[in-house]
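Heads up, the thing below is written out as structure tokens.
The values are calculated or read from the model by the stated rules, or taken from the named source; none is laboratory data. What you see is a predicted model, and the numbers here were worked out from it, not measured in a lab. Positions of Cβ are backbone-derived with ideal geometry, glycine not excepted, and every protein chain shown enters the neighbour counts. Keep in mind that these areas ignore ligands, DNA and RNA; they rest on the heavy atoms of the full protein, side chains included. Shrake-Rupley method; radii C 1.70, N 1.55, O 1.52, S 1.80 Å.
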Amino acid sequence: MEHMKITKLGSKRDLLFSCILVILAFMLYGNSLKNGYALDDAYVVHGKEEVLKGIAGIPEIITSRYADDEGNSFGYRPVATITFALEHVFWQQNPHVSHFFNVLLYALCLILVYKVLRRIFHGINKRFLFVSVLLFAAHPIHTEVVNSLKNREVLLAFLFGLLALNGFISWSREKRWLSLVGGILYFVLAYFSKQDAITFIAIIPMALFFDRKDIFLKTRVPGGFREILKTHRYLIGVMEVMLLLGIAGAVIALLPDCFLPEQQKVLYKFENPQLVGDLRYPTWPVAFYTLFFYLKKLIWPHPLGFYYGYRMVPEVDWTTPEVILSLVFHAAVLIYALIKLPRKHILSFAILFYFIALSPFTNIFVAIPGIVGERMAFVPSLGFCLVLAFLVFKVLGYEIYQDYNPPGKTRWLTLAVMLILLPYSLITIARNRDWKDYLTLFSHDIVYLDQSAKAHSLYASQLLKEAFTPGTGGQAGGVSSAYLSTAVEHLKKAVEIDSTHKFAWNNLGFITYQYLHQPEQGIRYMEMAVKAEPLYDEAHYNLGFALKQQKQYLRSAYHFREARLIKPQKLQYYLDEADVRYLMGQPDSAMQLYSRALTIDTLSAIPYLGLGNINWQKGDTLEALRNWEVAFIRNPLDLNTCTNIHHILQMIGDSRAEYYHKKMLELTGQK
């Protein structure tokens, strides 16, 4: 009877804690519901064609790469994108609804974190676990994951990872195959949400190792690891789970490559110099600097940034103070965690969880685009918050390994927790406003990201979009000169930081030439883009276009040709080269290019117009008429072509001239 009463009280308390966590999540992130779309949301929702199709787009999502644009085709993360497609069925493209669901998913993650910790550490003070989750909930380093709709994939990966862990705990205790199957399925969903979930291959077995009812965490284990291996048969089961998850992970990692196009990812220095083999960024020093960065941001999460990359992480080596400090500190805490592991100390779990969850983002196993990023600290921060809560409880003299709270100390615990929660919460709520939209985020953060080449370039690109968007640039029907001048300023900063930044050079050249009316300087910038990347077709094309306007036809034709050879399926490259070849007095070459253009786009009218014009100049009237008629069929709103056809037909006395005369009247609005 007494046991039933305790269980009932425990259930009520857990329900209360869950309600508090949901309320806290919406208190912290409620102001994010007003936000629109921001950085990288186009990957999964903003304007994504498959999402706009709703349920009908789901098969396409399942059979497509995560990113598939020019030069890039990589990843397989269909789960989050499917959720946005389902949203679209009921609410269309509504960022406020999407933000609501992000906050709701965050709240569910908090509840699951508490539930799973309770199951693993069932002999530990429940207040300690709850305080740990409160600190985790309020930590500002999570603002990127919750505010960025693109990072719903991180929330889902963590949520399904926790569900997988919960399922494996049930299987470990009860040996029910349904729990095992459920655990595996949740792990698959976690992995296909985002591949970061691969860390659960190690997290789940570690959690199962700590999940024992018959051994208290403070009890000494004679013989250390040897005795554990001899006396605890469940370790064999733990190793079996690790093997099973490893096999499942290998299968699902290789599966998408069996039916999807080959992955292609263009690598850039401004993302991470290691991607292009820059020896000034050696693996291990960069790894320890990365660990230093995350620890610093977890201790004091300000300022936060939307993108870091080259040179926000400076050139480092073994003599760099941050690298030395990081090496000493992290080696010490790792050794401490391993020493405490046989006794199943809570700090051992927290530290090892932190290292395991952070391991894919240390730049050891793979170079990370951006080098560092706050979203990557989302899951590892749980380990940090467990350590932080442990320190608070120890300082106040609270017992952690028993569910007992000494009288008279509750107010001190409340005060200590509030001293951490309050600044965390204020920073979080303030940071949500920065994620209002692209321009708000970029303009706010760029002050702190002064050495990030890509951050400057992203901000400049957004300023260009705003400058050419009616109603946003401050000049009705025109282009905002203020936005353009600011964009130029940040593009210059980007190329100053990274002289190989082809996109920045190209945009700088285009703006300078087209809108600042400095043709020579604009052409020089475009030439720098081509120098940075000789296979950059857009820079060749822009350069060809500028040189054509400057009547430098020979150089113009060269760059149009280069653009065409790089991207042979781009119609415009053929058309512009044909035009400049004609201006150079090479009509036959121009006609060959127009004819080849017909094979690329069978619906375009422009190649037929070009052929007709050259036929007319050569005196081949009938061939000109034939090509123009085809062009008019494809574009029946072209008054000029209609007029030319009517003129020829009238000249040769063809009765069809009357039909085109009527069309001319229709197009000019005359009856």
Notebook entry, point to check: Consider L426 against the criteria (1) open to solvent by 40 Å² or more (accessible area, probe 1.4 Å); (2) in contact with a Pro (Cβ under 7 Å, 6 or more places away or on another chain): it satisfies all of them except one. Which criterion is unmet?
Noted result: (2)
Check: Are any residues in the stretch 504-523 closer than 21 Å to V313 by Cα and either surrounded by fewer than 16 Cβ atoms within 10 Å (Cβ to Cβ) or at pLDDT below 95 (or both), and if so, which ones?
Finding: none
Check: Of everything in the stretch 17-53 that's assigned to a helix (DSSP H, G or I), modelled with pLDDT of 90 or more and aromatic (F, W, Y), which residue is nearest to L110 (Cα to Cα)?
Finding: F26
Note to self: Any residue at all in the stretch 419-429 that's touching a residue at least 60 places away in the same chain (Cβ under 8 Å), over 28 Å from the mean Cα position of the chain (by Cα) and part of a loop (DSSP other than H, G, I, E, B)?
What the structure shows: no
Margin query: I'm told S64 meets every condition in (1) open to solvent by 10 Å² or more (accessible area, probe 1.4 Å); (2) over 30 Å from I566 (Cβ atoms); (3) of a type outside the set (A, V, I, L, M) except one. Can you identify the failing condition by its number?
Written below: (2)
Note to self: Looking at the stretch 610-621, can you tell me whether even one residue there is surrounded by fewer than 19 Cβ atoms within 10 Å (Cβ to Cβ), basic (K, R) and farther than 25 Å from G544 by Cα?
What the structure shows: yes
Notebook entry, point to check: Residues in the stretch 296-322 that are under 22 Å from the mean Cα position of the chain (by Cα) and either crowded, with 16+ Cβ neighbours inside 10 Å or of a type in the set (A, V, I, L, M) (or both): how many?
Noted result: 13
Next item on the list: Could you tell me which numbered condition P360 fails, if it satisfies all but one of (1) without any contact (Cβ under 8 Å) to a residue 60 or more places away in the chain; (2) part of a helix (DSSP H, G or I)?
Entry: (1)
Margin query: I need every pair where a residue in the stretch 581-596 that is without any contact (Cβ under 8 Å) to a residue 60 or more places away in the chain and over 18 Å from A563 (Cβ atoms) has its Cβ under 7 Å from the Cβ of a residue that is assigned to a helix (DSSP H, G or I) and open to solvent by less than 60 Å² (accessible area, probe 1.4 Å), sequence separation at least 6 or different chains.
Written below: P587/I614; M591/L611; M591/I614
Note to self: For a quick check of your reading of the model, give me the residue pairs whose first member lies in the stretch 279-291 and is open to solvent by less than 40 Å² (accessible area, probe 1.4 Å), whose second is hydroxyl-bearing (S, T, Y), with beta-carbon atoms closer than 6 Å and at least 6 apart or on different chains.
What the structure shows: A287/T362; F288/S326; T290/T362; L291/S326
Check: Of the residues that sit in the stretch 477-503 and are charged (D, E, K, R) and crowded, with 20+ Cβ neighbours inside 10 Å, which one is farthest from H456 (Cα to Cα)?
Finding: K502
Notebook entry, point to check: Out of (1) under 28 Å from H122 (Cβ atoms); (2) assigned to a loop (DSSP other than H, G, I, E, B); (3) of a type in the set (V, I, T), the odd one out for I351 is which?
Noted result: (2)
Next item on the list: Being open to solvent by 20 Å² or more (accessible area, probe 1.4 Å), out of contact with any Asp or Glu (no Cβ under 6 Å at 6 or more places or on another chain) and not small (G, A, S) narrows it down to one of L105, L129, so name that one.
Entry: L105
Next item on the list: Determine whether the stretch 68-79 contains at least one residue that is within 25 Å of K465 (Cβ to Cβ), open to solvent by less than 40 Å² (accessible area, probe 1.4 Å) and either in a helix (DSSP H, G or I) or basic (K, R) (or both).
Entry: no
Notebook entry, point to check: Right, L149: closer than 16 Å to S193 by Cβ and in contact with an Asp or Glu (Cβ under 6 Å, 6 or more places away or on another chain) or not?
Noted result: yes
Margin query: If the requirement is being more than 41 Å from the chain's Cα centre (by Cα) and outside any loop (DSSP other than H, G, I, E, B), which of these qualifies: T643, T599?
Written below: T643
Check: With respect to the numbered conditions (1) open to solvent by 50 Å² or more (accessible area, probe 1.4 Å); (2) free of Cβ contacts under 8 Å to residues at least 12 places away in the same chain, which one is the sole condition not fulfilled by Q451?
Finding: (2)
Check: Of the residues that make up the stretch 133-151, is at least one outside any helix (DSSP H, G or I), out of contact with any Leu (no Cβ under 7 Å at 6 or more places or on another chain) and closer than 26 Å to L178 by Cβ?
Finding: no
Margin query: Being out of contact with any Ser or Thr (no Cβ under 7 Å at 6 or more places or on another chain), of a type in the set (A, V, I, L, M) and either modelled with pLDDT under 90 or surrounded by 14 or more Cβ atoms within 10 Å (Cβ to Cβ) (or both) is the filter here; which residues of the stretch 380-411 pass it?
Written below: L382, V387, L388, V392, L396, I400
Checklist line | Qualifying residues in the stretch 537-573 (those that are over 35 Å from the mean Cα position of the chain (by Cα), not basic (K, R) and not in a helix (DSSP H, G or I)) - the one surrounded by the fewest Cβ atoms within 10 Å (Cβ to Cβ) | finding: Q550
Next item on the list: Could you please give the count of residues in the stretch 291-344 that are charged (D, E, K, R) and assigned to a helix (DSSP H, G or I)?
Entry: 5
Next item on the list: Kindly establish whether K465 is under 26 Å from H96 (Cα atoms) and surrounded by fewer than 16 Cβ atoms within 10 Å (Cβ to Cβ).
Entry: yes
Margin query: Restricting to the stretch 630-647, give me the number of residues that are within 14 Å of L609 (Cβ to Cβ) and crowded, with 20+ Cβ neighbours inside 10 Å.
Written below: 6
Next item on the list: Could you please give the count of residues in the stretch 132-171 that are among the aromatic types (F, W, Y), over 26 Å from K296 (Cα atoms) and either open to solvent by less than 10 Å² (accessible area, probe 1.4 Å) or under 16 Å from the mean Cα position of the chain (by Cα) (or both)?
Entry: 1
Check: Are any of the residues in the stretch 622-633 polar (S, T, N, Q) and over 23 Å from R564 (Cβ atoms)?
Finding: no
Next item on the list: Could you check, for the stretch 221-231, whether at least one of its residues is open to solvent by less than 10 Å² (accessible area, probe 1.4 Å), farther than 23 Å from A250 by Cα, modelled with pLDDT of 95 or more and in a helix (DSSP H, G or I)?
Entry: no
Note to self: Cβ contacts < 6 Å: first residue farther than 18 Å from L516 by Cα and assigned to a helix (DSSP H, G or I), restricted to the stretch 475-502; second residue at pLDDT 90 or above and charged (D, E, K, R), any location; separation 6+ or different chain. Result?
What the structure shows: I497/R311; K502/E533
Next item on the list: Filter the stretch 262-278 down to residues that are farther than 30 Å from T63 by Cβ and assigned to a helix (DSSP H, G or I) and give me whichever is least open to solvent (accessible area, probe 1.4 Å).
Entry: P273
Item checked: Matching residues in the stretch 501-526 - criterion: being farther than 18 Å from L565 by Cβ and of a type in the set (D, E, K, R) -> E520, R524
